[in-house]
Amino acid sequence: MRMMKPMCLFLGLCLMWYGWPGNAGAVTAWDGFDPDANGSVLSIVQQADGRILIGGAFWSIGVEPRNRIARLNGDGSLDTGFKPDVNGLVYSMLEQSDGKIVIGGEFTGIGVVGIRRIARLNADGSLDFGFSPDPNGTVHSMVLQTDGKIIISGEFTSIGEIERNHIARLNADGSLDTGFNTDADNIIASIALQADGKILIGGLFANIGGVERHFIARLNTNGTLDTGFDPDANSLVNTLFQEADGKIWVGGHFTAIDGAERHHIARLNPDGSLDAGVNLDMDNAVFAITPQADGKILIGGNFTTIGSEGRNHIALLEADGTLNAGFDAEAGGQVSSLCQQADGKILVGGTFTTINGETRNNIARLNADGSLDAGVDLSLDSSVSSMALQANGQMVFGGGFSTVGAIDRQKIARVNTDGSLDTGFDPGVNGAVFSLVPQAEGKILVGGGFTSIGGNPRNHIARLYADGSLDTGFNPDADSFVISMIEQTDGKILVGGNFSSVGGVSRNRIARLNADGSLDAGFNPDSNGIVYGMARQTDGKTLICGLFTAIGGVARNRIARLNVDGSLDTGFDPSADGEVSALIQQTDAKILIGGSFTIISGTAQKYIARLNEDGTIDTDFAPNVDGMIRTIIQQADGKILIGGGFLNIDGSSRNHIARLNADGSLDTDFDPNANGDVLSLAQQTDGKIWMGGTFSSVGVLERHFIARITNTDPAVQELTVSSNGETMTWMRSQASPKVSRVFFESSPDGVSWTGLGEGTRISGGWTIDGLSFPTDVFYFVRARGYAMGGKYNASGSLHESVRRIHLTTAPIVPDDPIDEGSDSIDSGDGDSGGGDSGGGGGGGGCFIDTIMKTANHR
């Protein structure tokens, strides 16, 4: 399957300028998304690499001139190397498989070159001179077929002086496909490609090929009218897409479909008849409809109510067409374009100046729950040691603090996806929290120096329910600090620290618990010094690090490896001359370690090193770091984030936080610049980075003890099911957090989940085979993986991807065949709907594995 290229779109016009200081191009503790376009954003396309194309009526992004088209980095900062300079509005964009970008609109020139209404750009933004269809009127909408041909629509009546009324098909080189000649009598605003290759169109027309069709029609793959499809809208159709089961969503200005009252939005059956079960009753036009990966549906427009519920310009519908009550984002003006990113966040474009009461000019990004992707400034009163991302996107953190902002929070707190404090989560711990591990069912393991939680006795280790209340049935009772924890694939829990007994039974610094918290009597490695960090290998063995010099009476200096039963792996003996504080295993089985050591296995190597799988030192990896390292995490692309007490790496100033390339060289694009030690690191699923420690500023911004910073790279992931239903794959790249222990699950309703098994690592991701998914029904699939982080890498985060799937029984062969590839069979919700999903006006077009990748304008 192809990597996803979500894309979206469309309408509005308001030319204003607003400055905003958050539009920086480097790593910053201003971590919100705020590109600040000074005019309407009519079209949005997220590229395969995670960067974001925007087109519209603007002429600047922040303080930088950008005429009608721009490209943003994943954090919303401007891609300064991309500057096409278009002299008229850009309504529609699509990215081809080779990375080239086709744009449509009402422009007549790009740079100093005259080119009318449609053009193709090279991946760097320069003009592709070999592509020049030359329509004589505005291009509003485009779709890309899998054979590389492009269907375009709009106001034109000729292409290169050959008559083509409002719709045409181009060959891949931009020349006219002379066999496709539909002949509409008025503007076609929206196009969506079905899985069977047929073409849905919406607009202002009343006649297609001499046959009466009011505002909506369907074409066969050769461009002739599908005479059996006649929904008969009574006014303009702005946007449409087909779901995987063949049903069709339609949005626009109409108030009736097929003779029945339907205000601005409707769902049709595959034959074009009205789906009587959906009747939302909007009070104004819909410009954008786009499906989410989970089967829910985003809509945008000029509406302010849906039925009796207030919804300002944007809303979320359940898969059955009912309003989602929990999603209530408010745009301060028309929403013309919507796109769900690969990480689940939502790009919003239009003609607005606020979202959820915050200033956002014409483009914004929402979290999946509708909250604004905004900057975070929590301002704690003391240090943060532990961090753990829960599967729902909330971040739990612990340490020595007692307040978050002006609110009392003793040693542990949780923030929502927008960075606001979760006021309902307040366990109340009486001592420092060193380790946090979320479990699959929403419970949270907590380890530290405490002796009570919420007034209940709990010595150094406890488990919380998802709401923060104490799990009273879990009470291992360690006699001293628990510093690190790992949950095994079988549910058992490894714990490390400074304790000498668990549950009254002698256990020196490391133990294993059963899932219920009772001691696993058969596991007793016996460390003679503190165990700070642990990492579970794919073969079931466990790496441990700390201050010990012996394991089970056998000399092991600060790092060791245990067999599955807890016995010492005698063939692994790196031997460090100083504290090893943190370790992780890479995807190639090599091991990264950090600490205060200066010699590993007799080789001089300060503070950070990489070991081969057998424990020998990897001499090709030799960053020159000048201070202790406390935490190490790794991205899916192999880049390595480190935090600690250092000030310099390879001769370059790097204060307490840095990123290394996979080979150990310094990533010169990443320099957050903290003014105090960074003790703890964790990543969100979208690639943003949480950091905790003793600092009070990050870069030029005041940040006390905790901060969230941007990532220079986007996080890209894709969850797919093969067309035969036998294989599920989770591909992860760029700034996505590196995960391990991946599990796959399925669900008929997205609520009750059934485990399918543990995934196998492949190049670039994880997979599981031997499945047998049903056909012709909707169901959900989910992948979950763990990532270690926090101080000593002693905490864990849980990352997930969820998708709604619909497999068809067999591929459908169109009447004018095109190469459908596997996407004609498999598809998540919307995939087999083929087209831009939002076709016209609005923004639909955000698909995963869709056979058409585009964004259109009404």
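The values are calculated or read from the model by the stated rules, or taken from the named source; none is laboratory data. The shown structure was predicted, so the numbers you read here are calculated from the model rather than taken from an experiment. All Cβ positions, even for glycine, are placed from backbone atoms using ideal geometry, and neighbour counts span all protein chains on display. Just so you know, the surface numbers come from the protein's heavy atoms only, side chains and all, with ligands and any DNA or RNA stripped out. Shrake-Rupley method; radii C 1.70, N 1.55, O 1.52, S 1.80 Å.
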* Asked: If you take the Cα atoms of the stretch 596-648, find Rg, then find the Kirkwood Rh from the mean of 1/r over all pairs, what is Rg/Rh?
  -> 0.96
* Structure fact -> Evaluated at 20 °C and 1.002 mPa s, the Stokes-Einstein D of the chain based on the Kirkwood radius over Cα pairs, in µm²/s, stands at 77
* **Per-pair calculated FRET efficiency, R0 = 45 Å: D539 and N648 via Cβ, rounded to 0.05** => 0.75
* Percent of C-alpha pairs per 10 Å bin, the stretch 666-755, short to long -> 14, 33, 26, 16, 11, 1
* Viscosity 0.692 mPa s, temperature 37 °C: Stokes-Einstein D of the stretch 281-440 from its Kirkwood Cα radius, in µm² per second? -> 191
* So what does log10 I(q)/I(0) come out to for the stretch 450-527 at q = 0.16, 0.18, 0.23 Å⁻¹, using the Debye formula with one equal point on every Cα and no solvent? -> -0.53, -0.67, -1.08
* Taking the Cα atoms of the stretch 26-139, report the difference between the largest and smallest coordinate on each principal axis, in whole Å and largest first. => 47, 29, 21
* Asked: Based on the alpha-carbon gyration tensor of the stretch 477-593 and its eigenvalue square roots a ≥ b ≥ c, which shape applies: rounded if a/c is under 1.5, prolate if not and a/b is larger than b/c, or oblate?
  -> oblate
* Asked: What is the projected area of the convex hull of the Cα atoms of the stretch 546-606, averaged over all directions, in nm²?
  -> 4.3
* Structure fact -> As a Kirkwood estimate from alpha-carbon pairs, the stretch 122-167 has a hydrodynamic radius in angstrom of 11.7
* Rounded FRET efficiency, nearest 0.05, which uses the C-beta distance separating S518 from T570 and R0 of 22 Å -> 0.15
* **Average projected area [Cα convex hull, the stretch 181-269], square nanometres** => 4.9
* Counting residues in the stretch 641-686 as N, plug N into 2.2 N^0.38 Å and put the Cα Rg over that result. => 1.11
* Asked: In whole angstrom, how far apart do the alpha carbon centroids of the stretch 101-123 and the stretch 615-684 sit?
  -> 43
* Asked: So what does the Cα-only Debye profile of the stretch 89-192 read at q = 0.10, 0.16, 0.20, 0.22 Å⁻¹, as log10 I(q)/I(0), no solvent term?
  -> -0.22, -0.59, -0.96, -1.18
* Counting other Cβ atoms within 10 Å, which GluC sites (Glu not before Pro) in the stretch 55-163 have at most 15 and lie in a DSSP loop? -> E161
* Structure fact -> For T28, the residues 5 or more places away or on another chain with a placed amide H closer than 5 Å to its own amide H are T710
* Using a 1.4 Å probe over the heavy atoms of the protein chains, calculate the carbon and sulfur portion of the accessible area of the chain as a whole percent. => 47
* Asked: Using alpha-carbon pairs under 8 Å, 6+ residues apart, how would you state the relative contact order of the chain in percent?
  -> 15
* To do: Using only Cα atoms, figure out Rg for the stretch 215-341 and give it as a multiple of 2.2 N^0.38 Å.
  => 1.01
* For L127, enumerate residues with amide H under 5 Å from its amide H, sequence gap 5+ or separate chain, H modeled in the peptide plane. => N122
* **Amide H partners (placed H, <5 Å) of S797, local residues excluded** => L389, A787, M788, G789
* Structure fact -> A convex hull over the alpha carbons of the stretch 302-383 yields, per residue, a volume in Å³ of 126
* Structure fact -> Share (percent) of C-alpha pair distances in the stretch 544-650 greater than 23 Å works out to 21
* Structure fact -> If N is the residue count of the stretch 394-546, its Cα Rg over 2.2 N^0.38 Å rounds to 1.01
* **Over the stretch 80-145: Kirkwood hydrodynamic radius from C-alpha pairwise inverse distances, Å** => 11.8
